[in-house]
Amino acid sequence: MGLVSVLLISFCVLSISMIGTDNIVVGIPTTLDGPFKPVTVPLDKTFRGHAVDLPDTDPRVQRVVQGFEPEQISVSLSTTHDSVWISWITGDFQIGDRIKPLNPKTVASVVRYGRLRIPLIHKATGYSLVYNQLYPFVGLQNYTSGIIHHVRLTGLKPNTLYHYQCGDPSIPAMSSKYYFKTMPASGPKSYPSRIAIVGDLGLTYNTTSTVDHVIGNNPDLILLVGDVCYANLYLTNGTGADCYSCSFSQTPIHETYQPRWDYWGRYMQPVTSKIPIMVVEGNHEIEKQVENQTFVAYSSRFAFPSKESGSSSTFYYSFNAGGIHFIMLGGYIAYNKSAHQYKWLKKDLAKVDRKVTPWLVATWHPPWYSTYKAHYREAECMRTAMEDLLYQYGVDIIFNGHIHAYERSNRVYNYTLDPCGPVHITVGDGGNREKMAIAHADEPRNCPDPSTTPDEYMGGFCAFNFTSGPAAGKFCWDRQPDYSAYRESSFGHGIFEVKNETHALWTWHRNQDMYNSPGDQIYIVRQPERCPTEPKVSHKC
């Protein structure tokens, strides 16, 4: 036997020994090895954390269809594998002093689809709408959208490739043919290969890098945890403002430039027309207008499985992706125990069968556990209202955005290390127009005044000095908190890969690295035999 053969056999034996059952790679740390000592990666001084938006002259954001041909095509999931939503827009937007909304009834909402590209033997119809963004002040331009279509396809087979074409065949104005793949059927051994998690994406040149990296990782599903296109960082005349409230503190209403939504939809179509995307609202989607209306663009442009999951709101809903149950929550709608969202959450959690969907993942925009100075303890009211419920039902992982940096926690509950608490991961580093978060609240002179940390949108104030633990009597820790395992200020995205009922691989990719080079990587391990997966029922006399 030659030397080459010996080396080849040795390499194969080594490779096999490094990969255990269910493709668990030996050598990657797991949460069972924790809690880990806090790590802060020093800021790369050469890295420019301020992004520049794509201009409206960029060919990737310009309208290239004619008449009522579909554009901004996207796929989103329903609650189970056998149904998806197809969304698109026909007709162009209008912006100015005199706008005349299009009539949604003039263009049909039709999707032809099938497992074969030719012929597309199935047909589904849906509904359409137009939304306006109106300002009752002289000098501010009003906006009306193109016709937005949402069609739900049903009766789909799991883990199957489907081809589709959308539009109105009677005009005719049909799209090109696209395809998507359904989720696996729910079950303890059935999971999507990769799920991309990204937050605070925006539409900048850094965004394009993030999206390229996401595509390179070939995900089956994308979760966008709030702050989509940052239209509210523009005036209605299209002029950008890095910090709107800083530049226009006396303005009677916060303007937004709605065409940025259309630019974003056009840029993302090559991705969203093939890979399902699930979105939850962020603070940049508030977009207040006449009659105190908010979140109109967000609620109109995306299809949500709200009704299918028993929710009456686009702000919170749930769905299954194989053996994972995802809960999408709203940080900018009432969340106290008497609110509709809390009551819905309690019912949704009670219906989860962990024998069918062992993994329970929750996501919303503002994080509960972040050590950055920006938005420090801003969502404390939401945490105090909902944390006990999520803990009692054994939520495994929580994904958030809002902070323009990356941070992963140790397992934590009520600011205390807890082997049964969820892992909190902040990925608000998608590449938006605003500056990157760099300062940490535990560093000298960085601790914000408690009076600056209320939940401004919901009107609550729940952040007080800690009463116990290493930070007792203080509003901030004087060192990186024990619950913070890893933090770094860089643009990027995450990939979530569930391997089996107990192991999931989390990988955070930095934009400045090669596609196969992780910035942070860990196996998140469930311990169902040790940790509760439902509330303990107390029997009181």
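What the table below lists for this structure:
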read-out	value
All aspartates and glutamates inside 18 Å of Lys181 as judged from Cα atoms, apart from same-chain residues fewer than 8 positions distant	Asp82, Asp220, Glu497
Within the range 107-266: Cβ-based charge dipole about Cα centre, in debye rounded to nearest 20 (Lys, Arg +1; Asp, Glu -1)	1040 debye
Whether the range 392-541 is rounded, prolate or oblate, judged on the alpha carbon gyration tensor where a/c under 1.5 counts as rounded	oblate
Relative contact order of the range 179-246, defined on C-alpha pairs under 8 angstrom at six or more residues apart (%)	32 percent
Centroid-to-centroid separation of the range 418-445 and the range 81-146 [C-alpha atoms, Å]	36 Å
Accessible area (Å², 1.4 Å probe, nearest 10) - Val64	110 Å²
Convex hull volume per residue in cubic angstrom - Cα atoms of the chain	188 Å³
Only Lys, Arg (+1) and Asp, Glu (-1) charged, at Cβ; the range 254-303 dipole about Cα centre in debye	280 debye
Solvent-accessible ranking of Val198, Val356, largest area first, probe 1.4 Å	Val356, Val198
The range 131-233, Rg to Rh (Cα coordinates; Rh as Kirkwood inverse mean 1/r)	1.05
Of all accessible heavy-atom area on the chain, the percent that carbon and sulfur account for (1.4 Å)	54 percent
Set of lysines near Lys474 by C-alpha distance (under 21 Å), chain-local residues within fewer than 8 positions excluded	Lys373
CD proxy at 222 nm, helix term only [per DSSP H run n ≥ 4: -39500 (n - 2.57); per residue of the chain; nearest 500]	-4500 deg cm²/dmol
The range 198-304: C-alpha gyration tensor shape, a/c 1.5 cut-off, then a/b vs b/c	prolate
20 Å Cα-Cα reach of Lys347 towards lysines, excluding residues that sit fewer than 8 places from it in its own chain	Lys307, Lys337, Lys355, Lys536
Rounded if a/c under 1.5, otherwise prolate or oblate - the range 76-186, Cα gyration tensor axes	prolate
Cross-link pairs beyond the 25 Å C-alpha cut-off, checked among Lys123/Lys177; Lys346/Lys435; Lys105/Lys343	Lys346/Lys435; Lys105/Lys343
Pair-distance profile P(r), taking every C-alpha pair of the range 58-112, with 5 angstrom steps and integer %	4, 13, 20, 21, 18, 13, 8, 2, 1
Antiparallel bridge percentage (DSSP; both residues within the range 170-325; nearest 5)	30 percent
Bridge type composition, the chain - antiparallel percent by DSSP, nearest 5	75 percent
Exposure of His122 as accessible area (Å², to 10), given a probe of 1.4 Å and all protein chains	80 Å²
Accessible-area value, Lys347, 1.4 Å probe, nucleic acids and ligands omitted, Å²	140 Å²
Listed residues Glu255, Glu529 arranged by accessible area, highest first, probe 1.4 Å	Glu529, Glu255
Residues of the chain: accessible area per residue with a 1.4 Å probe, Å²	43 Å²
Dipole moment magnitude, nearest 20 debye, the chain about Cα centre, only Lys, Arg, Asp, Glu C-beta charged	1380 debye
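The values are calculated or read from the model by the stated rules, or taken from the named source; none is laboratory data. In this text the structure is predicted, and so the values were computed from the model without any measurement. Here Cβ is always computed from backbone atoms with ideal geometry, including for glycine, and neighbour counts include all displayed protein chains. In case anyone asks, the SASA skips ligands and DNA or RNA and just uses the protein heavy atoms, side chains included. Shrake-Rupley method; radii C 1.70, N 1.55, O 1.52, S 1.80 Å.
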